[in-house]
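Chemist: Following this message is one structure expressed as C-alpha cells.
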Amino acid sequence: MADLKCGATDCMYNEDRLCSKGDICVGGKSAKCSDETCCESYSPRKDRDSYKNSTHHATHNISIDCEAAQCAYNKDLRCKADHVDIMGCTDQKGCNTACKTFKEC
C-alpha cells in the first residue's frame with residue numbers, strides 16, 4: 001500500500017487530499033510520462049451532493065492498481081511506490097488527473 005496524496009479536489013472521493021474510495025486504479029497503458037496517466041477511479045463531485053460519496057474513511061495508505069506498463073513502480077499491475085501523488089489537471093484530452101509519481105523505467 002502506498003501513502004497517497006490526492007490533488008484532485010473536485011473528485012467525490014477526495015477528503016482533505018486523502019482518498020476515501022479504498023483503492024484506486026492508475027491508467028495509462030502506453031504512458032511515457034506522468035501527464036499520460038490518470039486516476040481511473042476519479043469521479044467528479046456534484047455540487048448539489050450534500051452527502052459523502054465514499055465507501056471508506058479517508059486514509060493515507062491505499063491500494064493502487066497500475067496499468068502504466070512503463071512505470072518503474074509498476075510490479076505485476078500493482079503500484080509499489082512508497083508515496084504517490086495524484087494531481088488534478090485539465091489537459092486537451094479532457095483528463096482530470098495525473099499520477100505525478102510516474103517514473104519511466
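Chemist: Can you give the accessible area of ASP65, probe radius 1.4 Å, in Å² rounded to 10?
Modeler: Rounded to the nearest 10, that gives 60 Å².
Chemist: Using protein chains only and a probe of 1.4 angstrom, how many square angstrom of LYS75 are accessible, to the nearest 10?
Modeler: Answer for LYS75: close to 100 Å² accessible.
Chemist: Is the C-alpha gyration tensor of the chain telling us rounded, prolate or oblate? Criteria: a/c under 1.5 is rounded; beyond that, a/b larger than b/c is prolate, otherwise oblate.
Modeler: Values: a/c = 2.28, a/b = 1.42, b/c = 1.61.
Oblate, since a/c reaches 1.5 and b/c is not below a/b.
Chemist: In nm, what is the difference between 0.36 nm times the number of residues separating LYS75 and THR9 and their Cα-Cα distance?
Modeler: 21.0 nm
Chemist: Can you tell me which lysines have their Cα less than 16 Å from the Cα of LYS100? Leave out same-chain residues fewer than eight positions away.
Modeler: LYS5, LYS29, LYS32, LYS80
The values are calculated or read from the model by the stated rules, or taken from the named source; none is laboratory data. Small disclaimer: the values here were computed from a predicted structure and weren't measured. SASA here: full protein model, heavy atoms, side chains in, ligands and nucleic acids out. Shrake-Rupley method; radii C 1.70, N 1.55, O 1.52, S 1.80 Å.
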